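Data first, discussion second: the structure below is written as structure tokens.
The values are calculated or read from the model by the stated rules, or taken from the named source; none is laboratory data. Since the structure is predicted, the reported quantities are computational estimates derived from the model, not experimental observations. Glycine gets a Cβ as well: all are built from the backbone with ideal geometry, and neighbour counts include every protein chain shown. These accessible areas exclude ligands, DNA and RNA; they are computed on the full protein's heavy atoms, side chains included. Shrake-Rupley method; radii C 1.70, N 1.55, O 1.52, S 1.80 Å.
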Amino acid sequence: MTTQVILLNGGSSAGKSGIGRCLQAVLPDPWLVFGIDSLVDALPPALRGADGGIEFAEDGGVEVGAGFRALEAAWMEGVAATARAGARIVVDDVFLGGAASQQRWRKALAGLDVLWVGVRCDAEVAAAREIARGDRTRGMAAAQAEMVHDGVAYDLEVDTTRTESLMCARTIAARVG
């Protein structure tokens with residue numbers, strides 16, 4: 001079967017977005033990249049807080065409520081529908097719920113050929129990237145570096161601690177059928 005979806009999971013500042021852009025450059029066919037950050041950016045202001053949406057704590061913690069989960073489920077189904085319509089998709093996500101997050105994606109992507117990729121990065125390196133970016137809550141990268149991988153099953157893992165995004169993308173591309 002031909003890979004229809006590449007799902008990248010890793011903590012904040014692990015390098016998923018860079019890998020996604022590099023995959024678009026190295027894969028022979030056009031691939032669309034959909035990232036969880038775009039979903040969060042698209043939320044109405046009412047869902048950016050403690051009232052059922054998504055809340056980013058000062059210590060880097062993230063809490064999600066029912067309102068966010070409902071829109072996330074719709075987004076996942078939309079991404080899956082786009083793949084079913086023939087587009088090839090790279091998903092850039094952060095599995096805050098570990099295995100439970102993967103299960104939500106498995107349900108949405110049922111029947112599609114998915115390459116599950118863990119994107120790892122040493123917590124200290126990710127924290128340094130977080131500071132350099134300047135658009136993240138400090139502490140998020142370190143808090144998420146390992147927890148997002150808890151109980152998650154991958155076809156492939158890459159580590160951006162000392163490996164550039166392009167090399168990681170080439171490793172992933174070599175596994176795409």
Per the charge dipole of the chain (beta-carbon charges, Lys/Arg positive, Asp/Glu negative, Cα centre), the residue among A42, V5, V148 reaching farthest to the positive end is V5
Mind listing which GluC sites (Glu not before Pro) in the range 1-95 are in a DSSP loop and have 11 or fewer other Cβ atoms within 10 Å?
E58
Under the Karplus relation with 6.51, -1.76 and 1.60 and θ = phi - 60°, whole-Hz ³J(HN,Hα) for the range 30-36, x at Gly and Pro, equal x, 10, 8, 10, 10, x, 4
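As a test of reading the structure, rank S101, S165 by solvent-accessible area (1.4 Å probe, protein chains only), most first.
Most to least solvent-accessible, the answer reads S165, S101.
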Using amide H atoms built 1.01 Å from N in the peptide plane, name the residues 5+ places from D159, or on other chains, whose amide H lies under 5 Å from its own.
R120
Quick one: net charge of R48's neighbours, Cβ under 11 Å, K/R +1, D/E -1?
-3
Could you tally the net charge around A87, taking each other residue with its Cβ under 14 Å from the Cβ of A87, Lys/Arg +1 and Asp/Glu -1?
0
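When averaged across all projection directions, what area in nm² does the alpha-carbon convex hull of the range 26-80 cover? Spell out each step's value before the answer.
Working: hull surface 20.5 nm².
Averaged projected hull area, Cα only: 5.1 nm².
If I take R0 = 45 Å and measure r between the Cβ atoms of A57 and V26 in this structure, what FRET efficiency does the formula 1/(1 + (r/R0)^6) give, to the nearest 0.05? Kindly include the intermediate steps, with their values, before the conclusion.
Numbers: r = 37 Å, r/R0 = 0.82.
The formula returns an efficiency of 0.75 here.
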With θ set to phi - 60° and the Karplus curve 6.51 cos²θ - 1.76 cosθ + 1.60, what are the ³J(HN,Hα) couplings of the range 134-146 in order, to the nearest whole Hz, using x for Gly and Pro?
x, 10, 10, 6, 4, x, 5, 4, 5, 5, 8, 3, 10
Long-range Cα-Cα pairs in the chain (distance over 20 Å), rounded percent
51 percent
Neighbour-limited loop hits for trypsin sites (Lys or Arg not before Pro), the range 12-67 (at most 16 other Cβ within 10 Å; DSSP other than H, G, I, E, B)
R48
